[in-house]
């Protein structure tokens with residue numbers, strides 16, 4: 001399935017990501033396609049991660065976990081979470097074509113982040 005996003009859609013997505021995630025303390029958020037291409041990315045300040053490598057690895061990771069889900073009888077796992085000592089990564093499926101990845105520190109609770117990400121995905125789906 002192919003997709004095409006116009007500048008107005010991209011601007012709308014970036015506005016949502018900034019207001020709903022960056023402005024509440026998320027360090028980095030990016031929307032990627034399932035091939036690992038970055039569609040939109042925002043940071044709270046200085047870019048400290050290689051998001052291009054992260055995007056490619058995230059797409060591969062999501063694909064691998066989807067295959068594991070099928071092995072145990074699930075259609076998919078719609079979100080993934082990895083906790084680190086200082087930073088955490090949350091992956092959430094937006095649609096068949098897109099993943100939303102957030103990097104956040106320990107000052108944001110996972111529950112709060114999941115709530116915000118759910119709201120963001122609903123808003124992004126209206127743009128798509």
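The values are calculated or read from the model by the stated rules, or taken from the named source; none is laboratory data. Keep in mind it's a predicted model, so treat the numbers as computed, not measured. No Cβ is skipped: glycine too gets one built from the backbone with ideal geometry, and neighbour counts run over all protein chains shown.
General remarks:
- Residue in the range 53-65 that is more than 15 Å from residue 95 (Cα to Cα) and in a strand (DSSP E or B) present: no
- Residues within the range 1-43 that are without any contact (Cβ under 8 Å) to a residue 60 or more places away in the chain and either part of a strand (DSSP E or B) or at positive phi (or both), tallied: 7
- So residue 93, is it out of contact with any helix residue (DSSP H, G or I) (no Cβ under 9 Å at 6 or more places or on another chain), surrounded by 13 or more Cβ atoms within 10 Å (Cβ to Cβ) and closer than 14 Å to residue 120 by Cα: no
- Of the residues examined, residue 79 is one that is over 18 Å from residue 18 (Cβ atoms), touching a helix residue (DSSP H, G or I) at 6+ places or on another chain (Cβ under 9 Å) and modelled with pLDDT under 90.
- Condition check for residue 75: within 27 Å of residue 127 (Cβ to Cβ), touching a strand residue (DSSP E or B) at 6+ places or on another chain (Cβ under 6 Å), free of Cβ contacts under 8 Å to residues at least 24 places away in the same chain and not in a helix (DSSP H, G or I): no
- Test: residue in the range 113-123 that is part of a strand (DSSP E or B), in contact (Cβ under 8 Å) with a residue 24 or more places away in the chain and within 13 Å of the chain's Cα centre (by Cα): no
- In the set 109, 66, only one residue is surrounded by 13 or more Cβ atoms within 10 Å (Cβ to Cβ) and either modelled with pLDDT of 95 or more or out of contact with any strand residue (DSSP E or B) (no Cβ under 6 Å at 6 or more places or on another chain) (or both); that residue is 66.
- Test: residue 40 is surrounded by 15 or more Cβ atoms within 10 Å (Cβ to Cβ), within 11 Å of the chain's Cα centre (by Cα) and farther than 22 Å from residue 7 by Cβ: no
- A count restricted to the range 10-33 and to residues that are farther than 19 Å from residue 118 by Cα and in contact with a helix residue (DSSP H, G or I) (Cβ under 9 Å, 6 or more places away or on another chain) stands at 0.
- Residue under evaluation residue 103, criteria (1) part of a helix (DSSP H, G or I); (2) touching a residue at least 24 places away in the same chain (Cβ under 8 Å), criterion not met: (1)
- Candidate set from the range 90-100 (those that are in contact (Cβ under 8 Å) with a residue 40 or more places away in the chain and under 14 Å from residue 36 (Cβ atoms)); member that is farthest from the chain's Cα centre (by Cα): 97
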